[in-house]
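Student: Got a structure here, written out as structure tokens. Questions coming.
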Amino acid sequence: MREELAQDGSLYHGYHPRMEAVHRDNANELREIIKQVGWPNEQLVGRDGAEAAWLIAQHAISEPGFMRTCCELLDREVAAGRVPAWQFAYIYDRVRVSEGLPQRYGTQFEVTPDGPRLCSTEDPESVNARRLSVGLGTVAEHLVRLQGGPYPTAEQYQARKAEEKAWRIKVGWIGADDA
């Protein structure tokens, strides 16, 4: 689905309803697996299966409650040594940014008219130390991989930010008075 939408260009114009449907279906499957066995870590489903579970949780953006639950489960799994810490870092940051709050590990970026930019981060001076502590490279290293455009115009960027805010309110990430 992603490939098809990317080829016709519609993937890059808001959250496509067909992509959202795929993400919701995947989240429903993962929800059932979690009910049966708990978080599907590497010991239960192997490295590929565990990473697939994380990817599904990471893309369940239309389901704030489910993403928060997955974040809590991953936090416990990291503490128990059953999943790599970077998986928790990514979902924690995605939840925080979706809630309109600063992220901790610097995993969430946005594309602005001036190029890729790190989303708001708590204690930015020590973000690289936190990234390294969970097995990620520095922000600068990641920014290099994100370069290359195309970048939106200022008008496109502002329109996308307004659409994103309306969507986050609609699905329950933030209230109408937030952000």
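Student: Got a sec? How would Cys70, Cys119 order by Cβ neighbour count within 10 Å, fewest to most? Mind dumping the intermediate values first?
Tutor: Working: Cys70 26, Cys119 16.
So the residues, fewest neighbours to most, are Cys119, Cys70.
Student: Using amide H atoms built 1.01 Å from N in the peptide plane, name the residues 5+ places from Thr121, or on other chains, whose amide H lies under 5 Å from its own.
Tutor: Those qualifying (amide H under 5 Å, at least 5 residues apart or on another chain) are Gln103.
Student: Continuing with the same structure: Before rounding to the nearest 500, sum -39500 (n - 2.57) across all DSSP H runs of length at least 4 in the chain and divide by the residue total; then give [θ] at 222 nm in deg cm²/dmol. Walk me through the numbers before you get to the answer.
Tutor: Numbers: 8 runs with 107 residues, N = 179.
Calculated from helices alone, the mean residue ellipticity at 222 nm is -19000 deg cm²/dmol.
Since every read-out is calculated from the coordinates, none of them should be taken as a lab result. Small disclaimer: the values here were computed from a predicted structure and weren't measured. Neighbour counts are summed over all protein chains in view; Cβ atoms, including those assigned to glycine, are modelled from backbone coordinates with ideal geometry.
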